[in-house]
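These notes concern the structure reproduced below.
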Amino acid sequence: MRGKTMDGLELGQKAVIVKTITAADIEQYSTLTGDRNPLHTDHAFAKRTRFGEPIAQGMLAASVISACIGSRLPGPGTIYLSQELRFLRPVKVGDTVIARVEVTELIREKHRVRLKTTLHNQHGEQVIEGSALVIPPTHH
């Protein structure tokens, strides 16, 4: 797999990655990060919340966007500088999320790329919106 260098990027260029979020994903994320908020892992607790059931950690859901940037656009070798996120809806166990990234600005003099980043669920509802600033790979 090769990442796209600055010369291989164009305004409007897009990439997509799809992932179904499982209970195992949530449990593994909890173990890896130490995020043991019962909203994510305790059915009895989560049932009493506004969501009525466990939801995925926001950053777990957002990590699908990161996967799209690191594996698709610009791809392998990309360096993440910043990410702005706005969480709009919860991601629940079994949801299939679609991460989309789109090149919105090429800052050639600084070798930077701004990306529009979004995450939708299988119903077409936007669950996350944001933007990222990255350094694309300098060579293939």
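Each value in this text was obtained by applying a stated rule to the coordinates, not by laboratory testing. Keep in mind the model is a prediction, meaning the values are calculated, not measured. For neighbour counting, all protein chains shown are included, and Cβ atoms are generated from backbone atoms with ideal geometry for every residue, glycine included.
You will find that of GLN122, GLN57, GLN28, the residue that is over 28 Å from LEU9 (Cβ atoms) and surrounded by 17 or more Cβ atoms within 10 Å (Cβ to Cβ) is GLN57 and no other. Taken as a whole, region 74-84 holds no residue that is touching a residue at least 60 places away in the same chain (Cβ under 8 Å), over 26 Å from ILE135 (Cβ atoms), in contact with a Leu (Cβ under 7 Å, 6 or more places away or on another chain) and not acidic (Asp, Glu). Assuming SER30 fulfils every condition listed in (1) within 27 Å of LEU73 (Cβ to Cβ); (2) touching a residue at least 24 places away in the same chain (Cβ under 8 Å) apart from one, which condition is it? In the conditions (1) within 27 Å of LEU73 (Cβ to Cβ); (2) touching a residue at least 24 places away in the same chain (Cβ under 8 Å), SER30 misses (1) alone. Filtering ALA15, ALA62, ALA44 for residues that are in contact (Cβ under 8 Å) with a residue 60 or more places away in the chain, in a helix (DSSP H, G or I) and of a type outside the set (Asp, Glu) leaves a single hit, ALA62. Scanning region 85-99 turns up at least one residue that is within 22 Å of LEU9 (Cβ to Cβ), buried (at least 20 other Cβ atoms within 10 Å of the Cβ) and under 11 Å from the mean Cα position of the chain (by Cα).
With respect to the conditions (1) loosely packed, with under 15 Cβ neighbours inside 10 Å; (2) touching an Asp or Glu at 6+ places or on another chain (Cβ under 6 Å); (3) not aromatic (Phe, Trp, Tyr), ALA46 lacks only one, and its number is (1). THR49 meets all of the listed conditions (1) assigned to a helix (DSSP H, G or I); (2) farther than 29 Å from PRO136 by Cα but one, namely (1).
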